[in-house]
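Just below is one structure, and these are the notes that go with it.
The values are calculated or read from the model by the stated rules, or taken from the named source; none is laboratory data. Fair warning: this is a prediction, and the values are worked out from it, not measured in the lab. No Cβ is skipped: glycine too gets one built from the backbone with ideal geometry, and neighbour counts run over all protein chains shown.
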Amino acid sequence: MSRLSSELKQVFWVIAAFGALGAVTPFFDDYTQTIITRALVFAIMAMSLDILMGYTGLRSMGHGVYFAFGAYSTAILVTKVKGVGLLTLFGAGLGLSFLVAAFLGFLAIRAVGVYFLMITLSFSMVVWGLAYRWHTVTGGDNGIAGILPPPLFGISLQNPVAFFYFTLGVFLICLGLLYLLVKSPFGKTLVGIREGEARMKMLGYNTWLHKYLAFVISGTFAGISGVLWAMLNRFIAPTDVELVTSVEALLMVALGGPATLVGPAIGAAIVMFLRYWVSTFIERWYLILGATYIITILYAREGILGKVEGLLAWRKAGREAGAAIPRVQKQPEEIRT
Amino acid sequence: MKAKWLVLLAAAGLALGAGAAQGAPREVRIGFIAPLTGPFAQVGKDQVNGFILYLEQNKYKMGPLTVKFTAEDYEAKPALAVAKAQKLIQRDKVHVFLGGLLAPTGYALAPVADQFKRPYLSPAPAGEDQTQRKRHKYYARLSFTSGQCQHALGDWAYEQGHRRIATVGADYAFGYESVGGFQRGFEDKGGKVVAKVWPRLGTVDFGPYLPLIPRNVDAVYALMVGPMSLAFPKQFKAAGFKMALLGGTTSTDEFILPNMGDEAIGYVTTSHYSAAIDTPKNHAFVKDFQKRFGKMASYYAENSFTAALYINEALKRTGYNPDKIEVWLEELKKIRVDAIRGPVYLDSYANPVQNCYIRKVERVPGDRNNLGVKANSLWNVVIKTYPAVSQFWNYKPEDFLKHPVYDKDFPPCKFCGQ
Amino acid sequence: MAVFNLKNFIELSFNSLSYAALLFLLASGLSIIFGVMRIVNLAHAAFFLLGGYMALTVYRVIGTAFWTLPVAMVVGGGVVALLSMFIERYFLRRLGQDTVAQVLVTVGFAFILFDSNIIIWTGDNYMLHRPWPLDDSTVIGGISFPRYRAFMILAAVLVWAILYFAIERTRAGAIVRATVDDPQMARGIGINTNIVQMSIYGLGVFLSAMGGVVGGSFLGVSPGIDFQVLPYAFAVVIIGGLGSLTGAVVGSIVVGFMDNFGTALFPELSYFALFAPMAIILAVKPTGLFGRG
């Protein structure tokens, strides 16, 4: 009972926080609004990666792939098909990233640890190469410009505030769905696989299938962020889908706290503010970005949220004497092959 | 202590009130988006420095207006350039913005200009269609189109007696358009382009491409960018090629030239600018730039300098009211200036009509014009000037625009393999 | 297609081989570091480029002559190796075997180096000096062979021979092999694995930075070269197998030839032609062709 109520409390605080975000954002200047929108878009990407990396323990360097398919399908549809609607765009983006993830999952899931990292890295390179070289479809390095978001029930999304609320809505739906996913028995199995795949196998679980499903779900959600990104920037080019995008998604998850869902969203916000806000003050801001990577790992391995939670739990543990055990982010042992 | 603050506050309030009462804007806000991190960081710096040089020489004043200048980094990523343009427009409330280096950024930024009704002056991105088939209302280019001067080089190459030429062009839009311009200029005269090789953008090992260049040609035309420009002539010579080497705007630009070696001597390229233009105006510019920034002036710097000059002139003509954006942008498009690079005016498609210089790389002994530059440097010595070259070369704009934009397969390679 | 006449074929093969040599210099260190330490070193190419910049400074100080190239190789490689050992000691060692942590920390250093290069050497593009006998080409049977390419092949063979001898025939090599096979056992028999690990990281980076000095006279030294060659280094070790010296040789040659011939024959598919086979190899054999399964 007390566990349930503490969980409800968490959900309440998260809803309150995003409600507050929704309430105050229109009062910021336009540029800050778009940074917040960008953060939400990448938050979807980071949360989807968290399913794979935080919950299942599969570290992927290929998450930019689905982002790319979502973004490019949107770009091509909007610029080539007159009067295309939002539903079609999301359908195409999701469908495509679903199919791609379903295919790549077959190739990748067998690999473990660093080899999984390597094979997903090679996916990233292939897709970037496609975006860059398949000139007739992707426009090559010229990219595709003029991706105007179509209206939603007659409301124009070309206004930054409208687009912010739309993105916030999509984000909350994704957050809700992913939350249900990780709380479901399926989600528990994923954590079980992360903590000890051999044991889960012994218990009769088809761990391959579970990992595969996590891979596909994670990829499909990442496609959503691609769709939004293309409409937000109204422009897409290969530089948006290069390897660094995938690495940055890893950073967002690590920075916010793996296996927390909300943590990676916070991580996304921090990285976006570095890129779009700090860079307007400091010319050599890559130094700060690099330092963020290093400091995160050295001093906040469990992520910001993990750190805060750890502190809270520790305080509570003091009060309730052992009632709550601090949640320690356990890094699965590297499997030596 | 408290009283002192009150006095200060009151004074500030008064000053503010006075400013508001006067009404007229006291400043013009200009934004510049350049790649200040990443592979093109130094080129981006040259771009910004060219603009700053003009501002410093004019003490950050344009007529009665104080210039508020903001530079933003975009990492050479077009999508980031879009975001930074929004930042400049929405937060810094700039009256006009400039920026971008490579063509894709130009294509990405022009729609932003129209969206926010804020003029975008392009100081470098050379994508042909921006002033041809995909024009934007709030856009004007103060640099060049990729093919513009290349037509002239094609013409010149034929005059030199070259009949068969192979091209090696960086495999992206700027490469296609430059090679396309050269090919048209050359083949219109009767020359034949017999092979077209397309190294990937950023290629620094030309191993796979060198064997594809036929050796029985009179000359090779190479369109290289950045590090490619540095590596290509060296590997070309080392692979035993002896024929003449011709090249495009970026193949020996002054950003890359100071770090080239003797292998570049004799390389003939074309551009709308050369640091070796022999006019007092250019001497002063090269000297000032060298003194202020310790570097050879490049076309990137000159473009920005000229852009600043254009903005100032346009403001002057409209009584220095930067808020009447439409008016002064229209004025800007009508201006003829005597720029560092020579006389410039914009055609009705908002692209400069200007001199094209055919330049040969030579090692010039000493510091001939006392410019304070390194002695015995390589220079792009001007050997011929094609005056007032338009982006449409010697075609009527309507006729030129009937063709598709220059691409990998346009103009078609009719003589390939011959 | 022009490629198929014999002359072009020989030229292309020679170019492929010399490119493979450069890749070997770049990637052998990456493979060794992974084999011994299980570190995914995403800063590897940043050290490669830093080596090139160091050589630039060396040449500015001692000038350029035929003997300055080896000096630059040793000094450039050495200084960068010392820096990397500091990084290993105070940063990487604290991460244990957490792959993602390694990836992120080494990317962090890659970004920091990337930006500090611009502060120290500006973002100008440089081409390093080529000493006198190497700046020309030799004509054999009507085909020009650039001597610098031959030099790169020679350098790679030499490095391979030294590494092979050192690992297989020396006491230090035996210690390293023991550490690779079973770190706990090695510690048990009194090997100071910390020092071994630090030296191995230093050695791997030394090779990379030295490769950067050699490559700096060929590819040039400019910001961005690092992130451009990084995928190639990974392609080599992925195809050859992480942690195998023989694998690094084979991987370099496969990638060198595949990239050169692929690009010459199917220019449209370059990149795709390199990375798609890489993904397929990994899907079939996740540890690479020569990886220790």
Quiz item: Looking at A:Val244, A:Val227, which one is free of Cβ contacts under 8 Å to residues at least 12 places away in the same chain and out of contact with any Asp or Glu (no Cβ under 8 Å at 6 or more places or on another chain)?
Solution: A:Val244
Quiz item: Which members of the range C:131-147 meet the condition of being closer than 21 Å to C:Leu25 by Cα, at pLDDT below 90 and within 8 Å of another protein chain (Cβ to nearest Cβ)?
Solution: C:Asp135
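This table checks each residue for (1) surrounded by fewer than 24 Cβ atoms within 10 Å (Cβ to Cβ); (2) outside any helix (DSSP H, G or I); (3) within 13 Å of chain A (Cβ to nearest Cβ); (4) not polar (S, T, N, Q).
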| position | (1), (2), (3), (4) |
| --- | --- |
| B:Ala71 | yes, yes, yes, yes |
| B:Lys93 | yes, yes, yes, yes |
| B:Tyr107 | no, no, yes, yes |
| B:Ala110 | no, no, yes, yes |
| B:Ala113 | yes, no, yes, yes |
Quiz item: In the range B:241-263, what residues are more than 9 Å from chain C (Cβ to nearest Cβ) and closer than 23 Å to B:Gln148 by Cα?
Solution: B:Ala244, B:Leu245, B:Leu246, B:Gly247, B:Gly248, B:Thr249, B:Thr250, B:Ser251, B:Thr252, B:Asp253, B:Glu254, B:Leu257
Exercise. Answer yes if at least one residue in the range B:356-377 is of a type in the set (Gly, Ala, Ser), out of contact with any Lys or Arg (no Cβ under 9 Å at 6 or more places or on another chain) and surrounded by 20 or more Cβ atoms within 10 Å (Cβ to Cβ), and no otherwise.
Key: no
Quiz prompt | Only listed residue being part of a helix (DSSP H, G or I) and out of contact with any strand residue (DSSP E or B) (no Cβ under 7 Å at 6 or more places or on another chain), chosen from B:Ala297, B:Ala301 | solution = B:Ala301
Quiz prompt | Among the candidates C:Ala172, C:Ala150, C:Ala155, residue that is more than 14 Å from chain B (Cβ to nearest Cβ) and modelled with pLDDT of 85 or more | solution = C:Ala155
Quiz prompt | Identity of the residue in the range B:212-240, at the interface with another protein chain (Cβ under 8 Å from one of its Cβ atoms) and not in a helix (DSSP H, G or I), that ends up modelled with the highest pLDDT | solution = B:Pro214
Quiz prompt | helices (runs of 4 or more DSSP H) completely within the range C:185-293 that count 1 or more residues being among the acidic types (Asp, Glu) | solution = C:225-240, C:245-265
Self-check item: Residue in the range A:127-155 that is farthest from the other protein chains (Cβ to nearest Cβ), counting only those that are free of Cβ contacts under 8 Å to residues at least 24 places away in the same chain and farther than 18 Å from A:Leu77 by Cα
Solution: A:Phe153
Quiz item: Looking at (1) surrounded by fewer than 22 Cβ atoms within 10 Å (Cβ to Cβ); (2) in a loop (DSSP other than H, G, I, E, B); (3) at pLDDT below 90, which is the only condition B:His136 fails?
Solution: (3)
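The rows are residues; the columns are (1) touching a residue at least 40 places away in the same chain (Cβ under 8 Å); (2) touching an Asp or Glu at 6+ places or on another chain (Cβ under 6 Å); (3) within 14 Å of another protein chain (Cβ to nearest Cβ); (4) surrounded by fewer than 23 Cβ atoms within 10 Å (Cβ to Cβ).
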site	(1), (2), (3), (4)
C:Ile225	yes, no, yes, no
C:Gly240	yes, no, yes, no
C:Ser252	yes, no, yes, no
C:Phe257	yes, no, yes, yes
C:Phe261	yes, no, yes, yes
C:Tyr271	no, no, yes, yes
Self-check item: Total residues in the range C:176-214, condition within 23 Å of the chain's Cα centre (by Cα) and of a type outside the set (Gly, Ala, Ser)
Solution: 17
Exercise. Take A:Phe98 and decide whether it is away from chain C (no Cβ under 14 Å), among the hydrophobic types (A, V, I, L, M, F, W, C) and either under 20 Å from the mean Cα position of the chain (by Cα) or within 22 Å of A:Met47 (Cα to Cα) (or both).
Key: yes
Practice problem: Could you please give the count of residues in the range A:235-265 that are of a type in the set (Asp, Glu) and part of a helix (DSSP H, G or I)? | Solution: 2
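Yes/no matrix, rows are residues, columns are (1) of a type in the set (Asp, Glu); (2) buried (at least 24 other Cβ atoms within 10 Å of the Cβ):
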| residue | (1), (2) |
| --- | --- |
| A:Glu7 | yes, no |
| A:Phe27 | no, no |
| A:Gly62 | no, yes |
| A:Leu86 | no, no |
Self-check item: Test for B:Asp288: is it out of contact with any Cys (no Cβ under 6 Å at 6 or more places or on another chain), part of a helix (DSSP H, G or I), outside the structural domain of B:Gly248 (by TED's automatic domain parsing) and not basic (Lys, Arg)
Solution: yes
Quiz prompt | Matching residues, the range C:28-47, being part of a helix (DSSP H, G or I) and either among the basic types (Lys, Arg) or more than 24 Å from A:Leu250 (Cα to Cα) (or both) | solution = C:Ser28, C:Gly29, C:Ile32, C:Val36
